[in-house]
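Enquirer: Structure incoming, see below.
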Amino acid sequence: MGNDRSIRCFLCRCHGEISRVIDLDEVARALKSHPGVRSLDVRNSLCLEEDMDVLASRVEDPDATGLVLGACSLYARGDRIRTALEEKGISPDTVEVVDIREGCSWIHHGQPREATTKAIDLLRMGVALQRHRENPDEVMVDPVREVFVLGAGPAGISAAASLVRLGVRVHLLDRAKSPGGLLNLVKRIAPEDVTSDEYLSQKQQTIFASNGGVSHYPGAKLISAHGSAGDFTISFSSGKTEHAIRVGAVIVATGAKILMPDGLYRHGNLEGVLTGIELERRFKAGQLEGNRVVFIQCVGVRDRKRPYCSAICCIVSLKQACQVLDVDPQAEVFVLHRDIMCPGSVLEKYYRDAMARGVRFLRYEQDRPPVVLGDENVDSVEVYDALTSEMRRIKADLVVLSTPLAPHDDAGRIAELFGLNRDEHGFYEVRTLMHPLETKREGVFVCGSARWPVLGRSAVLQGEAAAMKAYELISRGTLAASRLSTYRERKFSLARVDHEACTGCGNCVAVCPYDACSLEKKEGALKSTVNLIRCSGCGSCVSVCPNGSIQLPGHSAMAIGEMLKAVCEQGS
Amino acid sequence: MSLREEVLTRVKALLKDRRVDGVLGLSLFEKEPVPCLFEDPFDVDALVIEPKWLLAKLAMNILKTAPQEYRLGLVCRGCDDRAVTELAKRNQLDRNRLTLLGIPCTAEQARKCLCSTPYPREIVAGERVEGMYPMNDEQAQLFLTGSMEERMKRWARELNRCIKCYGCRNVCPICVCIPCKLEDDLWVKRGHIPADMVSYHLIRAFHLSDTCVSCAGCTDTCPVNIPLMLLQVSMRETLKSQYAYEPGLDPERVSPVLTEQEKGEGTLFQEPAWIDSLRGGS
Amino acid sequence: MTKDSKVQLPVLVAGGGVAGISAALDLARAGKTVHLIERKASLGGQVASLDKLYPTDHCAFCPLWTEIRSCVLHKNIVLHTLTEIRTVEEIDGSLEVRLAQSPRYIDASRCILCGRCVPKCPVSAISSGPEHAYPQTYVIDPQACTRCGDCVDICPTAAIDITGELSQSTILAGEIIWATGFQDVDISPLEDYGYGTHPNILTSLEFEELTAESGVNKGAILTRNGAKPKRIAFIQCAGARDLRLFPYCSAVCCMHALKQAQWVKRRSPEIECTIFYTDLRAEGRHYYTYYLREIGSGAIELLRSRPGLIYTLPDGSGIAVTYEDTSTQKRLIRVYDMVVLNGALKPSLTSGQPDLAGLTDEEGLMKGSYSRMYPCGFCREPMDVEASVVQASAASLEVFLGGSSHGK
Amino acid sequence: MTDRTEDSGNIQVVLEGAGRKIVVFACTWCALIGADGAGKKRISLPATFRVIPVECISRVEADAVIRAFTSGIDGVAVMGCHLGGCRHNGANLRSARKLELLKPLLDTVGIDSRRLFTSYGTAHEYHQFAQAIESFCSQIGEMPPVSAWSRSFVRAMSARGENE
């Protein structure tokens, strides 16, 4: 760009908020002599309509490539200026708002000289940044209006049913032969107290009556997944055939497995010691024997090996306890627990109701777990009651072990295929708080117990929420990659590689937090390439590239270098 | 059999069995040692194993220009071995096309290089000698201790001799970038002497912070005797103590600077001043 | 009305907390026009007033702030702050919503935040508004303002108009998402908790405000009187899981107390913290890990007991908490400098009086979806941030589906 | 507060003062909001620092920090969001590791790692931003200007010229 005077500068007095500390005349003098500055105006309030119009009219200078505004911070009024200018057709990329109020006049009000010097530095830095800002490469994404749902449990089914009702074609893949996931294993579902058929029938009907809106692949196995938000290619085998499909978004709803107790509490050795799911089988078969039942909570979980709470087991045991009472109202049912996890209104009410029905609760301590007694059959359970500090012996015909949900054995493989992280327990990691179903890979959503153990009702809700997120992505039509962001309407910049300079060392690949960089063979040599859809412009790659061959056009090394120079030049 | 003879036998066998197409080593040319690519077993008698000469980068260039099926043997020391590992990690050479003939350095050589691992991972002949801890060297201590002012003076005295010949960069077995940041005005002002020497050397040193294989090539090459390798010592110590990471030793392990924290690793952090909510990792 | 023309109607989101913001953004990004109604002067809801969030332990405002900024800047979202919903009427398959907007007095589009009005005000009715509000403007407390007009004269940009009055407007909406959240409750009627009898018997939200980094003490743990407390008690289920007040479990208080206790320990390790609890419900994603991390060290005492009586000691030496030692079944008394009451959180409906009684159940929570109205978040069922956000997205989906698919 | 600078071989006490320049790289998601908060509260701060907003501190290359020091900037602060609270999937953590590795190098050559300040905080903590900046600026004020480095360099150079 050489000595082109290409930047228009505007300084804001901010009705004295800036000008009474900073000597704007001096700033103007210093900037006018700057080789990059084409013109300079000082206004009273750039953020108000009256000046905005002047500003916009002055900008219609074909030779000016950028605007540098010395005003307040972006977060105070700067956003407003940029938005207003954008409405007048001036791209925000060409507007640099340099904060000389919050970041200068207000915090240096006692030091007008220094503040003036600093303002000059800051504005020169702004000019340097604006002059060296390049427009990033852009790709357009035309999202495929189809969604891939992995797993046909409650979460997956509700996601699929919702999407199909929105007119989106869904590919529903499941490892099992029939849909329903874990719900197939239980007789009735808590806290709604309905059968699993009733629970999902409406949704299943939606899916299977959708006239091809849903392609359901039972007993299928995932082979590979490629691509990024808006356009994934997924291949899998179903029966003997292999399929390859293109979808715009992926919903992972693989659920979790039920942990077996591994010999804990003599399970497997002593007749009458069951897991919750084995009890369900008896409920389903209608063959429940014995009317003294003791449930033991937190079996194989909330311990050193699995230091998490599986969240659903308490409610499951409450449900089963009530079912025992349904069969035999005279039954004696105990729940031995460490804490009853029934947060909220619905579950708390469920707990109260169970208590009212006569289920008895007894708290044990982690370091003094119950002991199951008996020779051939269960005879009783001995437990230290933490509330009364007494040892108690409870007669029992059945002992039911409440075991947690744990990640599936192939969770690692699926995580790898879709670029997901897993938490310390092996569940899929999602973004936190405001984006609880989104993952580090844009366009891939996780819901249900694959994310964290949940009851059917939450799984359904999460499935719907994931469907909404997927719909958001694919319904927007063609859009620029820079618009594909979880956190904002527009990404900061997208990385660009100079292939001539790239040595293919792979530092960027190793460091990229979005898996956006990869190495590809170009003319016989490995070169880094950036997936612009995944790239979020954080700049990690830039700072580890040994020779600067990867850059953020919006914030190049040149720009930072020139900004540093601008700091050094004055007064030295 | 002397160490040289053992190596000779190995090299000949490799070439005879066609397990490699050539072996890179040193030979005497008019009594001066020079790198030589031996492709005929009958030429191998000219091979010498002294002095220490870094051949990794040369091997990389041979492999880059040779046909894809060309396989190369390399007579190498510990540092060359590590350099090969680092270059392979950075996709600069294909480790499968290389057969290393590792030999250990002598104790004297190790002392000279302040080398803590003066032997390759696999040795075809000779005996390992123990390496040395760089900080135990008197000269190194002189450069790496003392007040900031003393250090500043000492390094200013050293670096100001630099004539910016780029020898340190060129000899470095890890430096492969073209173009190189050190030739870019943005980072190092060309023609600026001497102040910009500092950024030249610091940028160069930092670029190697997690890859330097401590071959001492830079120090050896420097025409004005700047002990350049000493710039690396403290960073290398930090990597080792915080992450148990040493460049070139583990072909599978990615530099901890590029990866997420692994379990059991140190964090390398002093608690920053602005800490109220600091709680590592998630 | 045909289905097509109904699609053109905007969606109204009532409440600008985490759930409302999420729903608004979901809808806007998927192409709907959204009217986001917030009772207060700025978005963020209760979460914005929290100092930190569990289980990340990071500042609560950060993750929210960027979403608020997105909301404010989004073209499809029309923001109505200081606005209450008065009535909702169903007319021909659409919803006519009457809004009442309190005057802002200070025009947000003209206020340059110079703050000159503040010292001019003889009755100190002007403040800089809540911390980190976006967009930031000064606010005038209409109750305190005497309409003297001094501020109007000093304002350099003529942003102040103190003649403003309540303005009414009507919006025809296709659907409403209720995301009105929750509020703190005065539990002084439950006399045994002693709330209101001592300045240092606080609700957890009051405690949060007092100890927040952006609060009066900049994160220092001090009592209301500015003294350094030696012992703090956190009383769980105070007013919740209690048939006298709220039968439900408020779902967020166990983790909230853990978080507060551990922040107390982190900032002032010498302060003793006790959590009196019934069941420690750390069942959410990563919650138990958080629990183990904070409790594992033994720095925070966990006491499973529901205190009987909390009262101020007459000699002024502190606040007595009586409870039963479950192992000996003896009644014990402990003395604390501060007592934090956790639990009594009430779903907040609109604070105007719309005729919406039919929407709530016997516990005061909003019932499931019906008739183009979809509640989400805490006003529907006590829940944490992540669950609220999930439910908000599910509610947005229902808007697109155009009807309740099932009763949840 | 006095500055020490080297002149004709002796340490001389020169006037306290300007001339010190500090660059602050602040991440737009957290530290910059903190800086903004300090501004809003009009907390009085030393005028020696200049903020360069960056999307994420992972954008800050060590080379730029080195370049800053060698071109006469006396202190560089890199302020990101909480470790573990990064918008960019933990990019700030890796970046922090890298910058920490630069510190021993700065110490080796006597630039002094205290000139490179790293911190991680959030928007709520504007007073902490102010505090951190204030203490860093005063610390830099107590250290010799970084130009002493290059100056001693020049002197040694001219001394060599005389010898030859």
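The values are calculated or read from the model by the stated rules, or taken from the named source; none is laboratory data. A quick note: this is a predicted structure, and the numbers were derived from the prediction, not measured. Quick reminder, even Gly has a Cβ in these numbers, built from the backbone with ideal geometry, and neighbours come from all protein chains shown.
Enquirer: Cβ-Cβ distance below 8 Å, separation of 6 or more or different chains: which pairs start in the stretch C:244-257 with a residue that is more than 10 Å from chain A (Cβ to nearest Cβ) and over 25 Å from C:Asp51 (Cβ atoms) and end on one that is assigned to a loop (DSSP other than H, G, I, E, B) and not small (Gly, Ala, Ser)?
Expert: C:Arg244/C:Leu190; C:Leu245/C:Val185; C:Leu245/C:Ile187; C:Leu245/C:Pro189; C:Leu245/C:Leu190
Enquirer: Let me confirm something: among A:Thr233, A:Thr206, which residue is buried (at least 19 other Cβ atoms within 10 Å of the Cβ), closer than 23 Å to A:Leu473 by Cα and not acidic (Asp, Glu)?
Expert: Working: A:Thr233 fails: buried (at least 19 other Cβ atoms within 10 Å of the Cβ).
Exactly one residue qualifies, and that residue is A:Thr206.
Enquirer: Looking at D:Ile66, D:Ile33 in this structure, which one is within 7 Å of another protein chain (Cβ to nearest Cβ), buried (at least 24 other Cβ atoms within 10 Å of the Cβ) and closer than 22 Å to B:Glu158 by Cβ?
Expert: Working: D:Ile33 fails: closer than 22 Å to B:Glu158 by Cβ.
Every option except D:Ile66 fails the conditions.
Enquirer: Determine which single condition A:Gly561 fails, assuming it passes every other condition in (1) in a loop (DSSP other than H, G, I, E, B); (2) facing another protein chain (nearest Cβ under 8 Å); (3) out of contact with any strand residue (DSSP E or B) (no Cβ under 8 Å at 6 or more places or on another chain).
Expert: Condition (1) is where A:Gly561 drops out.
Enquirer: Any residue in the stretch A:109-129 that is outside any loop (DSSP other than H, G, I, E, B) and under 32 Å from the mean Cα position of the chain (by Cα)?
Expert: Looking only at the stretch A:109-129, we keep the residues that are outside any loop (DSSP other than H, G, I, E, B), and these are A:112-129.
Filter once more, keeping what is under 32 Å from the mean Cα position of the chain (by Cα): none.
For the stretch A:109-129, residues outside any loop (DSSP other than H, G, I, E, B) and under 32 Å from the mean Cα position of the chain (by Cα): absent.
Enquirer: Now for a different question. Just give me the residues in the stretch A:452-472 being more than 28 Å from C:Ala282 (Cα to Cα) and either at pLDDT below 95 or not aliphatic (A, V, I, L, M) (or both), in sequence order.
Expert: Selection gives A:Tyr471, A:Glu472.
Enquirer: Quick one: B:Arg169 ticks every box in (1) of a type outside the set (Ser, Thr, Tyr); (2) out of contact with any Ser or Thr (no Cβ under 6 Å at 6 or more places or on another chain); (3) modelled with pLDDT under 90 bar one, so which box is it?
Expert: (3)
Conditions tested, residue by residue: (1) in contact with an Asp or Glu (Cβ under 7 Å, 6 or more places away or on another chain); (2) crowded, with 23+ Cβ neighbours inside 10 Å.
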{"residue": "A:Gly286", "(1), (2)": "no, no"}
{"residue": "A:Ile296", "(1), (2)": "no, yes"}
{"residue": "A:Arg304", "(1), (2)": "no, no"}
{"residue": "A:Val324", "(1), (2)": "no, yes"}
{"residue": "A:Glu332", "(1), (2)": "no, no"}
{"residue": "A:Met341", "(1), (2)": "yes, yes"}
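Enquirer: Which residue pairs have Cβ atoms closer than 9 Å, lie 6 or more positions apart in sequence or on different chains, and pair a first residue in the stretch B:33-53 that is without any contact (Cβ under 8 Å) to a residue 24 or more places away in the chain with a second residue that is part of a strand (DSSP E or B) and exposed (fewer than 12 other Cβ atoms within 10 Å of the Cβ)?
Expert: Qualifying pairs under 9 Å: B:Cys36/B:Phe29; B:Ala46/B:Phe29.
Enquirer: Continuing with this model, one more query. Among A:Glu569, A:Glu489, A:Glu562, which is more than 27 Å from A:Arg124 (Cβ to Cβ) and of a type in the set (Asp, Glu)?
Expert: Working: A:Glu569 fails: more than 27 Å from A:Arg124 (Cβ to Cβ); A:Glu562 fails: more than 27 Å from A:Arg124 (Cβ to Cβ).
Answer to the check: A:Glu489.
Enquirer: Quick one: would you say A:Ala176 is free of Cβ contacts under 8 Å to residues at least 60 places away in the same chain and in a loop (DSSP other than H, G, I, E, B)? Before you say what the answer is, go through the steps one by one.
Expert: Details: free of Cβ contacts under 8 Å to residues at least 60 places away in the same chain: yes; in a loop (DSSP other than H, G, I, E, B): yes.
Considered against the rule, which asks whether it is free of Cβ contacts under 8 Å to residues at least 60 places away in the same chain and in a loop (DSSP other than H, G, I, E, B), A:Ala176 comes out as yes.
Enquirer: Just wondering, is there one or more residues in the stretch C:69-86 that are within 14 Å of chain D (Cβ to nearest Cβ) and at pLDDT 90 or above?
Expert: First, pick out the residues of the stretch C:69-86 that are within 14 Å of chain D (Cβ to nearest Cβ): C:69-70.
From the residues that got through so far, the ones that are at pLDDT 90 or above too are C:69-70.
Yes: one or more hits.
Enquirer: Of all residues in the stretch A:428-437, which are more than 8 Å from chain C (Cβ to nearest Cβ) and either at positive phi or at pLDDT 95 or above (or both)?
Expert: Residue satisfying the conditions is A:Tyr428 alone.
Enquirer: Right, another one. Considering only residues that are in a helix (DSSP H, G or I) and in contact with an Asp or Glu (Cβ under 6 Å, 6 or more places away or on another chain), look in the stretch C:233-276 and name the one that is surrounded by the most Cβ atoms within 10 Å (Cβ to Cβ).
Expert: Start the filter on the stretch C:233-276 by keeping residues that are in a helix (DSSP H, G or I), which leaves C:253-267.
Imposing the further condition that a residue be in contact with an Asp or Glu (Cβ under 6 Å, 6 or more places away or on another chain) reduces the set to C:258, C:262.
On the way: C:Leu258: 27, C:Gln262: 23.
Per the stated criteria, the residue is C:Leu258.
Enquirer: Here's a follow-up. Filtering the stretch C:183-209 down to residues that are without any contact (Cβ under 8 Å) to a residue 24 or more places away in the chain and assigned to a loop (DSSP other than H, G, I, E, B), which residue is nearest to the chain's Cα centre (by Cα)?
Expert: C:Asp186
Enquirer: For A:Tyr364, indicate whether it is within 14 Å of chain C (Cβ to nearest Cβ) and within 26 Å of A:Leu264 (Cα to Cα). Let's see the steps before the verdict.
Expert: Numbers: within 14 Å of chain C (Cβ to nearest Cβ): yes; within 26 Å of A:Leu264 (Cα to Cα): yes.
Answer is yes for this residue.
Enquirer: At least 3 residues that are out of contact with any helix residue (DSSP H, G or I) (no Cβ under 9 Å at 6 or more places or on another chain), outside the structural domain of C:Val216 (by TED's automatic domain parsing) and not basic (Lys, Arg) in each: list the strands (runs of 3 or more DSSP E) lying fully within the stretch C:37-148 that qualify. Talk me through it step by step, then tell me what you get.
Expert: Values: elements: C:77-80, C:83-91, C:94-101.
By residue number, C:83-91, C:94-101.
Enquirer: Report yes if A:Leu40 is surrounded by 19 or more Cβ atoms within 10 Å (Cβ to Cβ), at pLDDT 95 or above and not in a helix (DSSP H, G or I), otherwise no. So that I can check it myself, show each step before the final result.
Expert: Details: surrounded by 19 or more Cβ atoms within 10 Å (Cβ to Cβ): yes; at pLDDT 95 or above: no; not in a helix (DSSP H, G or I): yes.
No, not satisfied.
Enquirer: Please determine whether any residue of the stretch C:309-325 is in contact with a Lys or Arg (Cβ under 8 Å, 6 or more places away or on another chain), surrounded by 20 or more Cβ atoms within 10 Å (Cβ to Cβ) and within 30 Å of C:Glu90 (Cβ to Cβ).
Expert: No, there is no match, as no residue in the stretch C:309-325 is in contact with a Lys or Arg (Cβ under 8 Å, 6 or more places away or on another chain), surrounded by 20 or more Cβ atoms within 10 Å (Cβ to Cβ) and within 30 Å of C:Glu90 (Cβ to Cβ).
Enquirer: Still on this structure, I have one more. Assess whether B:Leu54 counts as being under 16 Å from B:Gly25 (Cβ atoms) and either in contact with a Lys or Arg (Cβ under 6 Å, 6 or more places away or on another chain) or not in a loop (DSSP other than H, G, I, E, B) (or both). Write out each step before concluding.
Expert: On the way: under 16 Å from B:Gly25 (Cβ atoms): yes; either in contact with a Lys or Arg (Cβ under 6 Å, 6 or more places away or on another chain) or not in a loop (DSSP other than H, G, I, E, B) (or both): no.
For B:Leu54, the condition - under 16 Å from B:Gly25 (Cβ atoms) and either in contact with a Lys or Arg (Cβ under 6 Å, 6 or more places away or on another chain) or not in a loop (DSSP other than H, G, I, E, B) (or both) - is not met.
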